[in-house]
Structure formats: C-alpha cells, structure tokens
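Just passing along the structure, written as structure tokens.
Just so you know, all these numbers are worked out from the coordinates, no wet-lab data involved. Since the model is a prediction, treat every value here as computed from it, not as a measurement. Here the Cβ is made from the backbone with ideal geometry for all residues, glycine too, and neighbour counts use every protein chain on show.
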Amino acid sequence: MTQNNKNATLLWSAVALGALGVLATYFVAGHARFWANWVLWFILMFTLGLGALFIVALEHLVSARWSVPIRRIPERIATLLLPAIPVGLIALCALPVLYPGSRPEAAHHPILAGKAFWLSLPFFSVRTLLAFGLCLLGLAVLVGGSLKQDTTKDPAFNFRARKFAPAFMAIFALVVTLIAFDWISGLTPEWYSDIFGVYVFAGAFLSGLAATTLSVLYLQERDRLEGVRGDHLYNLGAFLFAFTVFWSYIGFAQYMLMWYANFPDEVIYYKVRLAGSWRIITIALAAMHFILPFFALVTRAAKKDPRRLRRVAFLMLSAHILDMYWLIFPVLGGSPRFAWPELSFALFFLGGILLWLRGAMEKGEDMPTGDPFLREGLEFRL
Amino acid sequence: MSETSYSVLGIFETPNALMHAIPKVRAAKLGSVEAYTPYPIHGIDDALGLRRSPLGGMVLVMGILGALTAFGFQYWISAIDYPIITGGKPPDSWEAFIPIMFEVTVLFATFTAGLGMLFLLNKLPFFGHPVLSSKAITGITRDRYALAIEAEDEGFDSAAAAKALQDAGALEVEVLPAPDRSPFLTSDYILRTLGGIFAACLVAGVVMYTVTKWFPLLRPMVNMQDQPRLNAQKGSTFFKDGHGMQRPVAGTVARGYLPTATGTQEVAATLVNPLPRTKEVFAQGKQAYGNRCEVCHGALGNGLGSLTAAYGGKPANLQAKQFLDYPDGKIYWAIVNGKNAMPAQAADLTEAQRWAVVHYVRALQRAQNAKDEDLKVVAP
C-alpha cells in the first residue's frame, strides 16, 4: 500500500469517525450546539473557497503575471464552494434555533420587529441563495474558463476574465458582506458594525492565501510545480504578511471605536468576549492572528523560506478557525465549549475538506498550461 | 596629494557578458567588485555576493523604539503626570494609545528607512563619486555595463585589476583616480553654517521689526489687528466723551427681568396675572417656589420652612387670612421688591417665573382651604 493510499484511508476514517460524532451531537449534546458547529464549518468552508476565488479574480483584475504558474492552486481551492453550498443549504435549518431574528419572539422585540422583514426566514434564505448563485457564476467564469483553456489554448479567456474581474469584485463585496452580516452578525441582530464585512473579508482572504501557500509547498515538495521558486513564494509571503496587518487594523479599529463610544448595545459584543475564559481566546486570537505571524514574516528571507512559510500558513489557518469560533460560539452563552462534539465536527469537516482538495489537486494540469502568460509568470524575478 | 588610483572600470557590451565576468573578477580578489548598469539586472545581487542591507534591521529597531516611545509618552502624560478621566475611561487605557503608537512607529520606521539609506548607507554628502566623472559614464547610463574593481586598502594594484578585467572580457578599461574626499562636514564648516543661519535670522528679524514698526503702511496682515469695532476699556473718537464703553440708557432693564411693580404695594394691587393656569405654569411655579421661597415659607406656604426651624425667623404665613385676601398684584410686588426681612427676588426670577410663583401660591392656599366642590372629578 502506498503512502498516498494510506493517507486517503486515514482521511476517510477521520470523516467516518467524525460523522458518528456529528450524529451523536445532534441527539445528545443538543440542537443549538449542533447547529453552532454546523454554521461554524459552513462559514469556514465558504470563506476558504471564496478567499481562494478572490485571489484568482485579483490576478485577472490587475493582470498579474507572477501568479499565473500557481493560479491553478487557488482555482482548485475555490471549488470548495461547491460542497460548501449544500452545507449552507442545510445550515438554513439552524435559523429558528440560533438566530433570534427568525424566532417568533422577534415580533415582540422593539428592535427586531423593525427589521422583521430583513431577518425573516424567507428573505434570509433568498439572500443566501443569491450569494450562492453569484459565487457559482464567478466559479463558472473564472475557474471553469481557466480549466477549459488548458485544452483550447484560447487566449480569448484572458480577455474575458479581465473584463469579468471588476464585476466580480463588486459581486465578491456583496457576497462576503451578505454572508458576514446574515450568518455571523445575524447571531446577535441587536449588535451591528459597519466594518464587519471587511473584517470577515480580511479573514477569508487570509485563509485562502494560507491554503494556497500550503498547497503550493505541498505540490512543490512532490516536484509538481516546476519553475515555481522563491520569488513566487516571496509574493505569497508578502501577501500573508500584509493581510495579517490589515486584519488587525480592521479588528482593532472596530474594537476601539466601540470601546470609546461605550454604547451598551455595542460593547456587549466585546463584554461577552472579554469575560471569563473567552478573554483567553481573545488574547490568543490577537497573538495567533497578528503578533506571531507579523514577527515570523517580517524579514525578507522569512517570506521565501518554505519551512517558515508552511508554519505560518498553518498558523494562519488555525487562527482563522479560532477567529470564526470566537465570532460564532458565544451565541451558545456561557464559557467557550470545546469537547467531543467540536472535535467530531473538526474531524468530519476537516477530513472532508482535505479529501475534496486532494481530489482536486489530482485532476488536470497543475499549471494553467493554456494561459499565454504562463511563460512570463515562470520567468518572474523579484 | 598623490595620484593614487581608486578603481578600475571594465566596460561590457551586454548584461550577459557582465554576469559571466563577475565570478572571474571576484576570484582574482584584487579589491571589492561593484557593478554599474543602466537598469537593475536580475540576479546580480547574488552574483556580486552583496551583503544583506542592514537597513531592515535598523528600521525594525527604530519602529519598535517608536512604538515604545509613543506608549511611554502617552502613559506618562495620561496616567502619571496629569491623569484626567476622559469619557469615563481609566487614565491608563492602552486602547487609546494604539493609534498614536501606530503613527509614531510608522514615522520612526520611514524616517529611518529614508534618512538611514541616504546618509548612513549612501553617504549622501559625498557627491563626487569617481564613476560619475569617468569617460564611460555616458555609456553606463545608456547601453553599457560596467564592472569596477575598487580599492579596499593602500596596496591596490590598478595594473593587475585592469588585466583581470580584460581577461574577463572587458571591451575597454578605464583607471579612475581617487575621489576628492576633502572633508565636507568639518567643525569649521558646521560652525560657519550655523553662524550664517543665526545671522540670517537676526537680519530678517530686525528688518521685519523695522518695517512693521516704522513703516506701518507695510504692515503684514493688519486685518486681525485693526478691526472697525469698539474695544472694551479702550478709548474711541466715536462718542463725545471719548470712551469706547458707554453707560446704558437710564432705565434700561435686562430682558426677562422687568421690575414692573416699581410703585408701592398698594399701587401694584391692581396688576393682573398675565399667565394662564396651565399644568406647565404650575410646574414652573412649583420649581421656582421650591428654589427661592420654600426654605422660609415652607412647602405648604404656612411659614414653617426649614430656616424657621433652624433660626427661629418669622416669615409670613401665606395661609393667614391677610394673605388669602391679598390680590395677586401685592404678592407679585412682594416678590419683586422684597418685604421686611424678605430680600427682593427680581434678579433671580424672570417675570414669567414670578407670575408662575403667584399662581402656585394661590394653589397652595386653595389646597389648604379646600371646599367640597373642589373634590369633584375633572374629566381628564
């Protein structure tokens, strides 16, 4: 049995074991906890896929050449949106359990009653379906077109993608904002923050970048991305570095304004997250999402060093998971929960995501061989 | 000054020829090898074996220093030296320090990067780099690629260097003389410069003073100084008496504080309360009564206020027959002018407040002498 098959068996058993735990959670640990976990992993899958799609669109938008040889990697990661959509459709069942705006009591709530139509189950579902549809459109044009170009070698795709990319940026902003406001901010509908969509975008883009970096290093180790070198890695590292700072800038700006204004309906969000054990998680999040990666990547050599990059990318993915956990799990009340239900969900979904990505990495060419700019990208030097 | 040569330039026609020559020239170990090209060439840093620039480290250290400086300053000012509670926040709130810390970090880091690069690493006041005065410079800035072996110590052998460059394929070789490194920032120069700046400031100050003082036509920006208005405590030619400040016209009263009851109390008896008896007027009267009257006349108007209990004064019992029969105007007159030991309230109560108090006193009197028909239910 080869190492490859062993890994597959390992992943499948993790998924199977996780699935048992997931089922047990529903019947034993309570519906609220089940749905909180489900929404968490839906958001994680969705932001990962969307972040990767954003990288692809960004390349077309600015006509970047350096990233052409590694474009297939974010394209493959972006296909995670396909399994994320059914997971999200199932997550709609969480609305009456977790989301106060969809519960009948909302009609008697002075604030929620005013937003009743916006928060109601039908309109919420319509918005989510709209977001999914727009994602599929972006996926079809950018990723589907790129895959087709491998055989047709038709440069017309590059022009089409370049024209579509600006429109996709608007679509992306809409989708990420809808998902952030509805699915995450909607858990606490009395609380609102204008910048919240940008905050979630920063996390999504970072997770997409980290997954891309990890996959590039994984394929490079297996000699499958010939021509991709330190200069390409440097750009990925620089992106990671820049956006850890961006994330902290947005996160801190949101916190500081609310801290200064001290409005009860706003600070309650942080009050909950700075009480008891949540305080430790908040501090850990600042350390993992900003301080550690900032100093790990600050030097020029560190951004090219594969070992350093792999560790930081892994750290960023863990930090993104912690970030979304930190946003979603306080809805259950009390101190942070982490026990077998969370572990089973992690096994099930992480195993599933890895299986999906593994399958995606095996399919087709590792580089967009039909892209006329591939050669220029391979010759990229800093 | 002896004509020691500083460096030897070898000229190449293509970047590839240059790149191939670099390892050969470096292997000769005749001095430090430097390249001059019209545009950056990929991979030349590695080929020349350039050390990593120390600038990054300098910027990091200064950036951290900037953050600490900003934190220290703010902490010292807000928490130790002059602690003021602002917006209900503790004086040592780190959240409030972050924006300034961020800005000062960026300031220190960028200044270090810019100035450190120019002055420390590029040695800026040194303008005359020998390559700039070489014959080859017109080519180097256009389409030629130069490799230089530069002297590191006294024992620089320019002939050997020229040969090494020719062996490596240089088309032409040019020996450059040592640069004119006559001292630039001598103490004499610095002192003279500072003296010049000081003298210039002195002259400029004297000139400005003279011009503004003796030639007032040339005064700059007079609009703030000379305004067409009367200044307090200053003279003015506008009025006959030469004063800027004038007494108010005799009989002037402040708006809202009209002392209408100026005659005797008997004269004032005919005054009629101009205010309607509304809830708002009674509330206003109650408030004014509570502030100005209650302490002596008591909450019920029976002359048993807290001052009576404390000092044994004898304020009027407004519930007495004499005051029940008073017309409104006489009560108003007493409020405006005071009576016996009672001080005048004209300065403290506006006209509306006085009349509101009169209504309220009437209400107090009626409350203490209520009749049966007062109990009838009034529809809301």
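Quick one: net charge around A:Trp278, please, counting Lys, Arg +1 and Asp, Glu -1 for every other residue with C-beta under 14 Å from its C-beta.
Values: positive: A:Lys271, A:Arg273, A:Arg279, A:Arg337; negative: A:Asp323.
Cβ neighbours under 14 Å give a net charge of +3.
Kindly express, to the nearest 10 degrees and within the range 0 to 90, the angle between helix A:264-273's C-alpha long axis and the longest C-alpha principal axis of chain A.
Around 60 degrees separate the two axes.
I've got another one for you. Looking at the stretch A:325-382, which GluC sites (Glu not before Pro) are in a loop (DSSP not H, G, I, E or B) and have at most 16 other Cβ atoms within 10 Å?
A:Glu365, A:Glu379
Principal axis extents for chain B, Cα atoms only, whole Å, descending order, please.
Cα spread of chain B along its principal axes, largest to smallest: 131, 62, 41 Å.
What net charge is computed for the residues neighbouring A:Tyr325, neighbours being all others with C-beta under 15 Å from the C-beta of A:Tyr325, Lys and Arg scored +1, Asp and Glu -1?
After counting each charged neighbour, the total is +2.
A further question on this structure: Which of B:Met117, B:Gln74, B:Ile64 sits closest to the plus end of the dipole of the stretch B:5-177, meaning its Cα is farthest towards the positive end, when Lys and Arg get +1 and Asp and Glu get -1 on the C-beta?
In the stretch B:5-177, that residue is B:Met117.
With each run of n ≥ 4 DSSP H residues scored as -39500 (n - 2.57), what mean residue ellipticity at 222 nm is computed for chain B after dividing by its residue count and rounding to the nearest 500 deg cm²/dmol?
Calculated from helices alone, the mean residue ellipticity at 222 nm is -13500 deg cm²/dmol.
Under a straight-distance cross-link criterion of Cα-Cα below 13 Å, which aspartates and glutamates are reachable from B:Lys286, leaving out those fewer than 8 residues away in the same chain?
Counting by Cα, and skipping residues close in sequence, B:Lys286 has these aspartates and glutamates nearby: B:Glu294.
What is the distance in Å between the Cα centroid of the stretch B:1-63 and that of the stretch A:200-259?
Here the two parts' Cα centres lie 34 Å apart.
Here is a follow-up. For chain A, what is the calculated [θ] at 222 nm in deg cm²/dmol (nearest 500), taking -39500 (n - 2.57) for each run of four or more DSSP H residues and dividing by its residue count?
-23000 deg cm²/dmol
Where nothing but the Cβ of Lys and Arg (+1) and of Asp and Glu (-1) is charged, how large is the charge dipole of the stretch B:265-369 around its Cα centre, in debye to the nearest 20?
Value, rounded to 20: 220 debye.
Now, a different point. Restricting everything to alpha-carbon atoms, can you work out Rg to Rh for the stretch B:265-369 with a Kirkwood hydrodynamic radius?
With Rg and the Kirkwood Rh in hand, the quotient comes to 0.93.
Give, as a single signed number, the net charge of other residues whose beta carbon lies under 15 Å from the beta carbon of A:Met258, with Lys and Arg counted +1 and Asp and Glu -1.
Charge balance in the 15 Å sphere: -2.
Taking the Cα centre of the protein assembly as shown as origin, work out the dipole magnitude from +1 charges on Lys and Arg Cβ and -1 charges on Asp and Glu Cβ, in debye rounded to 20. Write down the numbers at each step before the final one.
Numbers: 65 positive and 55 negative charges, 370 e Å.
That gives a dipole near 1780 debye.
To continue, here is another question. Going through the stretch B:1-107, which GluC sites (Glu not before Pro) have at most 11 other Cβ atoms within 10 Å and a DSSP loop state?
Within the stretch B:1-107, the qualifying GluC sites (Glu not before Pro) (loop, at most 11 other Cβ atoms within 10 Å) are B:Glu3.
Further, regarding this structure: Straight distance only, please: which lysines reach the Cα of A:Lys6 with their own Cα at less than 27 Å, same-chain residues fewer than 8 apart left out?
Here the lysines satisfying the reach criterion relative to A:Lys6 are A:Lys363.
Going by how many other beta carbons lie within 10 Å of each one, how would you line up A:Lys303, A:Lys148, B:Lys321, fewest first?
Numbers: A:Lys303 23, A:Lys148 12, B:Lys321 8.
With the fewest neighbours first, A:Lys303, A:Lys148, B:Lys321 line up as B:Lys321, A:Lys148, A:Lys303.
Can you sort A:Trp183, A:Trp340 so the residue with the fewest Cβ neighbours within 10 Å comes first? Walk me through the numbers on the way to the answer.
Working: A:Trp183 26, A:Trp340 13.
Sorted ascending by nearby Cβ count, the order is A:Trp340, A:Trp183.
Next question, about the same structure. How tilted is helix A:3-24 with respect to the longest principal axis of chain A? Cα atoms for both, answer in degrees (0 to 90, nearest 10).
10
Check the straight Cα-Cα distances from B:Lys330 and name the aspartates and glutamates below 17 Å, setting aside those fewer than 8 residues away within the same chain.
Result set, ordered by chain and number: B:Glu266, B:Glu351.
So what is the relative contact order for the stretch B:5-177, in percent, with contacts set as C-alpha pairs under 8 Å and at least six apart? Each step should come with its number before you reach the end.
Details: 219 pairs, mean separation 93.7, N = 173.
About 54 percent, as a whole number.
Further question: Cα gyration tensor of the protein assembly as shown, axes a ≥ b ≥ c as square roots of the eigenvalues: rounded (a/c below 1.5), prolate (a/b > b/c) or oblate?
oblate
Work from the charge dipole of the stretch B:265-369 (Cβ charges, +1 for Lys and Arg, -1 for Asp and Glu, about the Cα centre) and give the residue of B:His359, B:Asn369, B:Gln345 farthest towards its positive end.
Sorting the options by dipole projection puts first B:Asn369.
Taking only pairs that are 8 or more places apart or on different chains, how many Lys pairs in the stretch B:5-177 have Cα atoms under 28 angstrom apart?
7
Also: Loop-only check: which GluC sites (Glu not before Pro) in the stretch B:126-169 are DSSP coil with at most 16 other Cβ within 10 angstrom?
Filter output for the stretch B:126-169: B:Glu152, B:Glu154.
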